[in-house]
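> I'd like to ask some things about the structure below.
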Amino acid sequence: MSEKSFENGGCPASSEAVTSSVYAEARASETPALEDIRKGLPSASGLQRLVLCPGSWRAEALYPEKEESAAAAAGTRLHKHMELGTLPEDAEEAEACMWCCKSERALVEEYIGEVELVYREQRLWDNCQRFSGQEDVVYIGGGKALVIDYKFGRGSVVEARQNCQLYGLSLLVFDNYPEVEEVYAGILQPFVSRERPRLMRLERADEKGLRSYIYGALDAAQSEGAALKPGETQCKYCRAAGSCPALGLTVARASAMELTRWEQWSPEERRKAWDASRLAKKYVEAIERKIRADLEAGVELPGLELGEGKVSFVVDDAAGAFGVLNAMLDVTGEEFTAYCKVGMTGLDKLVHAKLVAQAPEGVKQTTKASREWLRNTLASYGSVKTTAGTIKER
Ligand code: SF4
């Protein structure tokens with residue numbers, strides 16, 4: 001199948017397994033992005049997707065990163081602050097960086113002790129130059145290494161002990177630092193969890209199995225017939241999602257389901273429909289992003305145009321706003337606060353910082369205890385609201 005037919009066809013009308021051979025022709029003519037520091041080879045950050053969907057490596061190569069999304073740009077900026085040891089101007093971001101530093105120090109003390117070497121934002125290659133990875137920070141001391149990966153997104157990531165990126169980063173440490181006999185690796189994600197991160201632990205004796213696992217995944221991804229295997233985790237941020245035939249096929253199957261027969265479906269069929277609907281959502285979102293990019297670039301699409309963004313006014317300085325309205329219109333404090341909403345996320349952080357500062361020496365004030373204290377203290381000034389539960393996978 002040519003690139004053109006792939007782009008136009010979207011979903012092949014076939015139930016055969018879809019493989020990345022649909023990308024082979026296009027990939028052959030594809031030149032790697034300008035100064036590709038990854039040399040056109042897989043990176044540790046892409047290993048999770050590549051393991052779950054071997055064909056994704058060829059598929060994504062067709063869609064080089066153009067512009068960073070706002071969230072990705074914020075992540076890059078915060079990584080830079082962590083590398084340079086500086087703090088962002090934004091108070092919430094600054095607090096997140098400080099939390100990372102504090103958690104990092106605690107982990108270093110616990111797992112490394114005396115630090116002999118520290119590397120930040122260093123790209124390492126494996127012994128056979130088959131893949132590389134950018135280590136956010138690596139501490140080495142006493143034959144041990146601590147690898148920390150910062151994630152500044154708001155979505156949770158695969159747990160450390162099953163995280164292929166951490167497996168890849170650990171192998172890179174074994175390959176580049178022969179003195180290291182033991183690697184601990186974990187993720188700090190301040191906007192998702194403030195719990196102590198769980199760490200993956202690997203010994204030098206694990207290196208052979210680790211290499212064989214990763215190289216096996218790379219072999220599968222680089223083979224002509226690498227399978228495209230849709231799934232929520234791997235398709236979530238895949239750049240090929242909007243044009244992927246396997247994902248398109250899954251969506252086509254999902255939309256062909258006769259929902260009127262729902263009552264006759266077994267629980268397993270209903271669960272399958274759920275999985276298909278998650279993928280369909282990713283596909284639709286990917287198409288929406290592409291349509292938006294087209295319209296922003298001035299591409300004419302029949303019957304579609306970019307509407308104007310909604311304009312709204314937000315009060316950033318509530319005290320200042322009250323002062324003005326009180327002076328000019330005699331608005332009372334009670335009248336004004338009836339229209340104010342308290343952001344509990346911000347207030348939780350503020351109160352936790354105050355309680356930590358007040359805590360007697362040696363007493364550990366946890367974020368959980370601070371949250372409970374705040375809710376109990378303000379119980380008569382607020383109410384508890386419960387939304388409908390979200391559907392979660394067990
Ligand atoms: S969209 Fe999903 S199935 Fe398609 S290449 Fe990407 S990860 Fe694989």
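The values are calculated or read from the model by the stated rules, or taken from the named source; none is laboratory data. Because the structure is predicted, anything quoted here is derived from the model rather than measured. Glycine gets a Cβ as well: all are built from the backbone with ideal geometry, and neighbour counts include every protein chain shown.
> Evaluate the following for Ala246: is it near the ligand (Cβ under 9 Å from one of its atoms), modelled with pLDDT under 85 and buried (at least 22 other Cβ atoms within 10 Å of the Cβ)?
no
Residue-by-condition table, conditions (1) under 20 Å from Glu195 (Cβ atoms); (2) exposed (fewer than 13 other Cβ atoms within 10 Å of the Cβ); (3) not aromatic (Phe, Trp, Tyr):
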{"position": "Leu304", "(1), (2), (3)": "no, yes, yes"}
{"position": "Ser312", "(1), (2), (3)": "no, yes, yes"}
{"position": "Ala327", "(1), (2), (3)": "no, yes, yes"}
{"position": "Thr337", "(1), (2), (3)": "no, yes, yes"}
{"position": "Val356", "(1), (2), (3)": "yes, no, yes"}
{"position": "Val363", "(1), (2), (3)": "yes, yes, yes"}
{"position": "Arg371", "(1), (2), (3)": "yes, no, yes"}
{"position": "Lys392", "(1), (2), (3)": "yes, yes, yes"}
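> Hey, another quick one. What are the residues in segment 205-223 that are in contact (Cβ under 8 Å) with a residue 12 or more places away in the chain and assigned to a helix (DSSP H, G or I), if any?
Glu207, Leu210, Arg211, Tyr213, Ile214, Tyr215, Ala217, Leu218, Ala220, Ala221, Gln222
> Would you point out which residue out of Val311, Val356, Val351 is β-branched (Val, Ile, Thr) and part of a loop (DSSP other than H, G, I, E, B)?
Every option except Val311 fails the conditions.
> What is the residue count in segment 47-58 for residues that are over 13 Å from Leu228 (Cβ atoms) and within 9 Å of the ligand (Cβ to nearest atom)?
0
> If you check Ala327, Ala338, Ala353, which single one turns out to be under 28 Å from the mean Cα position of the chain (by Cα) and either away from the ligand (no atom under 16 Å from the Cβ) or of a type in the set (Lys, Arg) (or both)?
After ruling out the rest, the residue left standing is Ala353.
> Which one of Ala44, Ala61, Ala74 is more than 16 Å from the ligand (Cβ to nearest atom), of a type in the set (Gly, Ala, Ser) and not assigned by TED's automatic domain parsing to the domain that holds Leu166?
None of the other options fit; the residue is Ala44.
> Among the residues of segment 168-185, count how many are within 19 Å of the chain's Cα centre (by Cα) and either over 23 Å from Cys101 (Cα atoms) or surrounded by fewer than 23 Cβ atoms within 10 Å (Cβ to Cβ) (or both).
Number satisfying all stated conditions: 1.
> Against the condition in contact with an Asp or Glu (Cβ under 6 Å, 6 or more places away or on another chain) and closer than 27 Å to Val356 by Cβ, how does Asp149 come out, does it pass?
yes
> Just to check your reading of the model, which residue among Glu268, Glu258, Glu285 is within 16 Å of the ligand (Cβ to nearest atom), outside the structural domain of Asn176 (by TED's automatic domain parsing) and among the charged types (D, E, K, R)?
Within the list Glu268, Glu258, Glu285, the selection yields Glu285.
> Please determine, by comparing only the residues of segment 120-173 that are out of contact with any strand residue (DSSP E or B) (no Cβ under 6 Å at 6 or more places or on another chain) and part of a helix (DSSP H, G or I), which one is nearest to Val51 (Cα to Cα).
Cys164
> Regarding Thr332, is this residue under 31 Å from the mean Cα position of the chain (by Cα) and hydroxyl-bearing (Ser, Thr, Tyr)?
no
> Which condition number in (1) in a helix (DSSP H, G or I); (2) touching a residue at least 12 places away in the same chain (Cβ under 8 Å); (3) in the same structural domain as Asp136 (by TED's automatic domain parsing); (4) surrounded by fewer than 16 Cβ atoms within 10 Å (Cβ to Cβ) is the one that Arg198 fails?
Answer for Arg198: the failing condition is (1).
> Oh, and also: Search segment 75-99 for residues that are within 13 Å of Val137 (Cβ to Cβ) and pair each with any residue that is of a type in the set (A, V, I, L, M) when their beta-carbon atoms are under 6 Å apart and the residues are at least 6 apart or on different chains.
That search, which allows pairs on different chains as well, returns Cys97/Leu87.
> For segment 206-225, does any single residue satisfy the condition of being within 16 Å of the ligand (Cβ to nearest atom), touching an Asp or Glu at 6+ places or on another chain (Cβ under 7 Å) and at pLDDT below 95?
No, segment 206-225 contains no residue that is within 16 Å of the ligand (Cβ to nearest atom), touching an Asp or Glu at 6+ places or on another chain (Cβ under 7 Å) and at pLDDT below 95.
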